[in-house]
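Enquirer: I'd like to ask you about the structure that follows.
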Amino acid sequence: MIDFSVPEDLAALRDRVRAFVVERIVPFERDPRLTAHGPTDELRAELVELARAEKLLTVQAPVEYGGLGLSHVEQALVYEAAGWSTLGPVAMNCAAPDEGNMYLLGKIADPDQIERHLMPMIRGERRSVFAMTEPGGAGSDPGQLSTRAVFDGENFVIDGQKWLITGADGAATWIIMADLAENPHLPAGPTLFLTEADTPGIVIERVMNTMDRNYVGGHAVVRFEKLTLPPSAVLGRTGQALRYAQLRLAPARLTHCMRWLGAAERAQSIALDHARTRTAFGKPIGQHEGVSFMLADNEIALHQCRLTIWHTCWLMDQGHQARHESSMAKAAVSEELFKVTDRCVQVLGGIGISDETVVEMLFRDMRAFRLYDGPTEVHKYAIGRHLVGR
């Protein structure tokens, strides 16, 4: 039986999160510490303390680690509420890439790694990166991985270059994907390594200029020069990085969708207010068919996106991997929410392309969302392979 009712305690949490974001976080959207490369670490720290005081910090963490142990469906409601401001997930410590990295560490990290890396992340004391994407091709196709790791029986030595590494500038914990060369000691192949940012051999070359500005530290180009790590730095098992990446990416695609659904709702709310008060040709513009149809299309899209997210979350809560469904969700939701914000810009007219409202920023951020965790075309390729067979 399908049941779309929301339990009272979950509805109360959702409403408390939305009120917190509207009342305490939205005012920071004009803070100069929200830069072209995202919020600064100083701003993040201040926002985290606000969430901590409200007991809304890292609510998604397992109960044994101090969180509420939210299911995927429960996360969908809470993250949508948090996403009303792009700073909401930053404050609540459920923004990418940390949210996905915490999820992965909770699944495959050993006890020492959990204590050293995961727990400080859950407490909001440090940020993390997932260093996989490379200028030479590894990204949507991680099989093109060119960063190499060599094991000599005592240590791993890693060399290579990455780019578009979100949050690298200022992050303390690094998850690095490298292709482990054949050796007589361990299984070879793509492997994840976990280390501290100040380990010699990690070089941040520059922070890239990008159209989005919602991630702390922006997106960086980094280089590994004879980065030497001990066996204890291996995250999980050697040769299993692609499997672990999928373990992380399926839910991470959905949490992106949840947060950006909240942002698109915000844009629709601003457009609606404008349509009710702005007049043209003798009446509010919302009473003109051209504008009212755009707003109606937005409402339809928001509803469809929400149901798509909820269904995929429900499947995952039932124990399904839902890779096919999460690909469909990511492709559909990212495309539709971009259309929503585009229509909101149109409804707002001249102020829609200015920073008089946050809609212009959300429009740029939403355009980038269509590429996060795989562009639409890659997900459609995966969906097609699933339908017709390899």
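Any read-out appearing in this document is the output of simple, stated calculations on the displayed coordinates, not a laboratory observation. Bear in mind that the values here come from a model prediction, so they are computed numbers and not experimental data. We place every Cβ from the backbone using ideal geometry, glycine too, and count neighbours over all the protein chains shown.
Enquirer: Over all distinct Cα pairs, what is the inverse of the mean 1/r for the range 121-161, reported as the Kirkwood hydrodynamic radius in Å?
Expert: Final number for the Kirkwood radius of the range 121-161 is 12.4 Å.
Enquirer: Still on this structure, please answer the following. Can you tally the net charge around ALA168? Count Lys and Arg as +1, Asp and Glu as -1, for every other residue whose Cβ sits under 14 Å from the Cβ of ALA168.
Expert: Charge balance near ALA168 sits at -2.
Enquirer: In whole Å, how far is the Cα centre of the range 198-220 from that of the range 265-302?
Expert: 38 Å
Enquirer: Name the residues whose placed amide hydrogens come within less than 5 Å of the amide hydrogen of ALA220, ignoring near sequence neighbours (fewer than 5 apart) on the same chain.
Expert: Residues meeting the criterion, in which the H sits 1.01 Å from N, are LEU164, ILE165, THR166, GLY167, ALA168, MET208.
Enquirer: What does the convex hull of the Cα atoms of the chain come to per residue, in Å³, rounded to a whole number?
Expert: Considering the Cα atoms of the chain, their hull volume per residue is 149 Å³.
Enquirer: Next question, about the same structure. With axes computed from alpha carbons, what is the tilt in degrees of helix 376-388 against the longest principal axis of the chain, rounded to the nearest 10 within 0 to 90?
Expert: Approximately 80 degrees, to the nearest 10.
Enquirer: Could you calculate the FRET efficiency of GLU205 with GLN321 from 1/(1 + (r/R0)^6), where r is the beta carbon distance between them and R0 is 35 Å, rounded to 0.05?
Expert: Calculated value: 0.45.
Enquirer: Here's a follow-up. Tell me the net charge near GLU377. Cut-off is 14 Å between Cβ atoms, GLU377 excluded, with +1 for each Lys or Arg and -1 for each Asp or Glu.
Expert: With Lys, Arg at +1 and Asp, Glu at -1, the neighbours total +1.
Enquirer: Still on this structure, please answer the following. 222 nm [θ] for the chain, helices only, -39500 (n - 2.57) per DSSP H run of 4+, per residue, to 500?
Expert: -15000 deg cm²/dmol
Enquirer: If one computes P(r) from the Cα atoms of the range 106-245, what percent of pairs lie at distances over 25 Å?
Expert: 22 percent
Enquirer: Give me P(r) over the range 233-352, computed from all C-alpha to C-alpha distances, binned every 10 Å, as integer percentages.
Expert: 13, 35, 23, 16, 9, 4, 1
Enquirer: Right, next: Please report the spacing between the Cα centers of the range 36-54 and the range 347-390 in Å, no decimals.
Expert: Their Cα centres are 25 Å away from one another.
Enquirer: Moving on. Which value, in debye to the nearest 20, describes the size of the charge dipole of the chain about its Cα centre when Lys and Arg Cβ atoms bear +1, Asp and Glu Cβ atoms bear -1, and nothing else is charged?
Expert: So the magnitude is around 640 debye.
Enquirer: So what is the relative contact order for the chain, in percent, with contacts set as C-alpha pairs under 8 Å and at least six apart?
Expert: That works out to 16 percent.
Enquirer: Straight-line reach from LYS226: which lysines have a Cα under 23 Å away, not including same-chain ones fewer than 8 places off?
Expert: LYS162
Enquirer: Let me ask you something else. Are there GluC sites (Glu not before Pro) in the range 65-171 that DSSP marks as loop and that have at most 13 other Cβ atoms within 10 Å, and which are they?
Expert: Here the GluC sites (Glu not before Pro) that fit, given the DSSP loop and packing criteria, are GLU125, GLU154.
Enquirer: Could you tell me which trypsin sites (Lys or Arg not before Pro) in the range 1-96 are loop residues by DSSP with no more than 12 other beta carbons within 10 angstrom of their beta carbon?
Expert: Answer in residue order: LYS55.
Enquirer: Could you work out how far helix 8-20 tilts from the main Cα principal axis of the chain, as a 0 to 90 degree angle to the nearest 10?
Expert: Once rounded, one gets 80 degrees.
Enquirer: Output the relative contact order of the range 1-83, whole-number percent, from Cα pairs under 8 angstrom with separation of 6+ residues.
Expert: This gives 32 percent for the range 1-83.
Enquirer: What list of ³J(HN,Hα) values in whole Hz, one per residue of the range 159-171 in order, does the Karplus curve 6.51 cos²θ - 1.76 cosθ + 1.60 (θ = phi - 60°) give from phi, with Gly and Pro shown as x?
Expert: 9, x, 10, 10, 8, 6, 8, 5, x, 4, 6, x, 6
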